[in-house]
Amino acid sequence: MEASLLRQCPLLLPQNRAKTVYEGFISVQGRDFHLRIELPEDLQMKNARLLCSWQLKTILNGYHQIVQQRMQHSPDLMSFLMELKMVLETGSDSAGISMKVMDTLEVALKKKQELCPPPPPPQFYSSLIEEIGILGWDKLVFVDTCLSTIKLKAEDASGRKHLITLKLKAKYPAESPDCFVDFPVPFSVSWTPQVTDQPQIGVRIAVLPITVPLSAGLVMYPCHCSWNFQIWYDTSSLISIYGQFLAALESLKAFWDVTDEIDEKTWVLEPEKPTRSATARRIALGNNASIHIEVDPKHPTMLPECCFLGADHVVKPLGIKLSRNIHLWDPENSLLQNLKDVLEIDFPARTNLEKSDFSMDCGICYSYQLDGAIPDQVCDNPQCAQPFHQICLYEWLRGLLTSRQSFNIIFGECPYCSKPITLKMSGRKS
């Protein structure tokens, strides 16, 4: 029987000397299916146990009773396997849908394996835990169950709280993690593999000065011991990234000082909830007028890009003052103070403005925000000064027979006072 079994099922092999356990594969219609058969000591099939893979179970779905009958009446293992093959061939032919389901499951399994790669080696976790311990567990805000996503917190010199999110790869630290921060400028991480020309002693030492910016490449720290050599600390570590994160926070302190002062002491119309990466502010001036500024993160106290929004009789004098007093701009002063000096105005705070001083809603759609935009067009008639969304006014004027257009400028009548109104279309219309 052994020779016949080996000939018919060469991939099904005994797992012990008593030959009571067989495990391997059975081939049917060009497919190999995994199974395990456990026999009692008397090798009788009626008391045997059959364990199948999920693919084999899919084929045998609906044939369980037949398989059990064959196990009860087969005199030996060889006879049962021959009958099992016949059942499998019949089941595959008569239940083609099962094969299709199995193929679909196999494809789905492959996709799942691609999306969920195998876990990293144990040293990945041990080295990561060690690095977090050196860095300080108090800096850890979040870590997922796979230790592939880590969030660390930090404070800048002004007490502002910041987060950095790290997406670790399976080959960490051989590969740099993806870093996500809320910065107004790109955050590029210096990632250099470890290089040692001298013996390495305590590469991850607790005295690493992470509050000092780490320069690109390798950072050299003197070893305070009796041996005459130096330690080269590699920048391919969590500690190094955190040090670079702190250095970036320090370099952006002046920028955030400027934007925080604007947010606290003026009425910022846009954005409503500025993020740390937002460089633009639209500030209310009163009389349905506002100024849009773009702050340079690298030179935050320098004169920013300015654009006045509002009726001509309100914003034109402001533009004249800006041109006339631009020589007064002092980079040693704050940006807000410079704007006050150059424009010769005091920016009204939100708490000091009344609704009558600054109408918020569009005069056509009667809403404040429309697809993220707020009213930025104002009637030039001082007695009207009604604000509109650019797209609302564009659609209104386009529907009037009396309106005319020259290139990107539309001339028409104000929907409220019927006085002439001009709309200069910008790229934001779409």
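Structure data summary
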quantity	calculated
Cross-chain or 6+ apart pairs with Cβ under 8 Å, region 1-29 first and closer than 23 Å to residue 59 by Cβ, then of a type in the set (Ser, Thr, Tyr) and surrounded by 14 or more Cβ atoms within 10 Å (Cβ to Cβ)	9/27; 11/27; 12/22; 13/22; 28/92; 29/92
Residue within region 86-95 that is buried (at least 16 other Cβ atoms within 10 Å of the Cβ) and at pLDDT 80 or above present	no
Output for region 133-170, where each listed residue is over 20 Å from residue 122 (Cβ atoms) and part of a helix (DSSP H, G or I)	135, 137, 138, 139
Number of positions in region 301-327 that are part of a loop (DSSP other than H, G, I, E, B) and in contact with a strand residue (DSSP E or B) (Cβ under 7 Å, 6 or more places away or on another chain)	3
Where a residue in region 371-384 is charged (D, E, K, R) and its partner, wherever it lies, is assigned to a loop (DSSP other than H, G, I, E, B) and surrounded by fewer than 24 Cβ atoms within 10 Å (Cβ to Cβ), with Cβ under 6 Å and at least six apart	380/311
Sole exception among (1) open to solvent by 50 Å² or more (accessible area, probe 1.4 Å); (2) part of a helix (DSSP H, G or I); (3) modelled with pLDDT of 90 or more for residue 338, by number	(1)
Residue identified as within 23 Å of residue 283 (Cα to Cα) and either in contact with a helix residue (DSSP H, G or I) (Cβ under 9 Å, 6 or more places away or on another chain) or modelled with pLDDT of 90 or more (or both) among 410, 421, 391, 374	391
Condition check for residue 330: free of Cβ contacts under 8 Å to residues at least 24 places away in the same chain, part of a loop (DSSP other than H, G, I, E, B) and open to solvent by 30 Å² or more (accessible area, probe 1.4 Å)	yes
Tally, over region 121-175, of residues that are of a type in the set (Val, Ile, Thr), modelled with pLDDT of 90 or more and within 18 Å of the chain's Cα centre (by Cα)	6
Region 310-346: number of residues that are of a type in the set (A, V, I, L, M, F, W, C) and within 39 Å of the chain's Cα centre (by Cα)	3
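The values are calculated or read from the model by the stated rules, or taken from the named source; none is laboratory data. Being a predicted model, the structure only gives us computed values, none of them experimental. Positions of Cβ are generated from backbone atoms using ideal geometry, with glycine treated the same way; all protein chains shown enter the neighbour counts. For accessibility, only protein heavy atoms count, side chains too; no ligands or nucleic acids. Shrake-Rupley method; radii C 1.70, N 1.55, O 1.52, S 1.80 Å.
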